[in-house]
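What follows is a short report on a single structure.
The values are calculated or read from the model by the stated rules, or taken from the named source; none is laboratory data. Since this is a predicted model, take the numbers as computed values, not measurements. Here Cβ is always computed from backbone atoms with ideal geometry, including for glycine, and neighbour counts include all displayed protein chains.
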Amino acid sequence: MKILIVEDEPSLCELMARTLRKEQYVVETASTFTEASERLGVYSYDCVLLDIMLPDGNGLRLLEELKMQDKRENVIIISARDSLEDKILGLEEGADDYLPKPFHMAELSARIRSVVRRSRGSGRSSIVLGNVTLDPESFRVEVAGAEVVLLKKEFDILSYLMQRPGHMVDKAVLAEAVWGDHADQADNFHFVYSQMKNLRRKLEEAGATIEIKAVYGFGYKLSVTE
């Protein structure tokens, strides 16, 4: 899962980023309104942690931009401004939650998991397709009840595709979602091909009833085979 932290306080931003990376999230950061706007205009995120008070603008305007672009990122406002008016305005503009500063990192992690579960339209976090179950919280994958051990990037690829069954996914979009925006600096996608080869082999050896097919010249498509 990919998260954007929009926070201008360096120490807090670093603490959040370090904590969430330990929980296996792909984390990117922005310290200004301008930088955050640029990132949100180019990249997609599963969750945005948004400070309201930024040095060059009001974070709530970013919610307006997301709405105008018809983007569906989950947004949690994190701000020292804890007035009822700010909460109401943020939620009306499309925020999914509001977490006042100061807060514990454990609560932040719980809020992220909660809004992502709600966005999937279910109270449970596990994703089930065919005989494959993927749990984003425990980073566990099972095929017909038996665990399949995946490397982190293999897990991230499978998680991304299992949330989009039947959809063709551009290899560049997949790389950016799993590796972050540094992926667009690569000259080729050999790092994707290598991870994908190993993932497909592990699923096949485990008897998974899902299949990841390569779409020539485009990317990949996950489908249920049973």
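Here are the numbers for this structure:
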{"read-out": "Breaking point among (1) within 15 Å of residue 6 (Cβ to Cβ); (2) not in a strand (DSSP E or B), for residue 87", "value": "(1)"}
{"read-out": "Residue match in region 174-183 (condition: under 28 Å from residue 22 (Cβ atoms), buried (at least 18 other Cβ atoms within 10 Å of the Cβ), free of Cβ contacts under 8 Å to residues at least 40 places away in the same chain and not small (Gly, Ala, Ser))", "value": "no"}
{"read-out": "Residues being touching a residue at least 40 places away in the same chain (Cβ under 8 Å) and in a helix (DSSP H, G or I) - total across region 36-52", "value": "2"}
{"read-out": "Subset of region 53-84 that is within 21 Å of the chain's Cα centre (by Cα) and in a loop (DSSP other than H, G, I, E, B) - its residue that is surrounded by the fewest Cβ atoms within 10 Å (Cβ to Cβ)", "value": "70"}
{"read-out": "Counted residues, region 131-142 - those being surrounded by fewer than 21 Cβ atoms within 10 Å (Cβ to Cβ) and on the phi < 0 side of the Ramachandran plot", "value": "7"}
{"read-out": "Of residues in region 1-24 being touching a helix residue (DSSP H, G or I) at 6+ places or on another chain (Cβ under 8 Å) and assigned to a loop (DSSP other than H, G, I, E, B), the one surrounded by the fewest Cβ atoms within 10 Å (Cβ to Cβ)", "value": "24"}
{"read-out": "Single unsatisfied condition, residue 113 versus (1) in a helix (DSSP H, G or I); (2) touching a strand residue (DSSP E or B) at 6+ places or on another chain (Cβ under 8 Å); (3) surrounded by fewer than 20 Cβ atoms within 10 Å (Cβ to Cβ)", "value": "(2)"}
{"read-out": "Number of the condition not met by residue 138 [criteria: (1) under 20 Å from residue 44 (Cα atoms); (2) in the same structural domain as residue 207 (by TED's automatic domain parsing); (3) among the small types (Gly, Ala, Ser)]", "value": "(1)"}
{"read-out": "Those residues of region 26-39 which are surrounded by 14 or more Cβ atoms within 10 Å (Cβ to Cβ) and either of a type outside the set (A, V, I, L, M, F, W, C) or modelled with pLDDT of 90 or more (or both), in sequence order", "value": "27, 28, 29, 30, 31, 32, 33, 35, 36, 37, 39"}
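Yes/no matrix, rows are residues, columns are (1) among the hydroxyl-bearing types (Ser, Thr, Tyr); (2) modelled with pLDDT under 95; (3) not in a strand (DSSP E or B):
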site	(1), (2), (3)
138	yes, yes, yes
157	no, yes, yes
164	no, yes, yes
182	no, yes, yes
214	no, yes, no
226	no, yes, yes
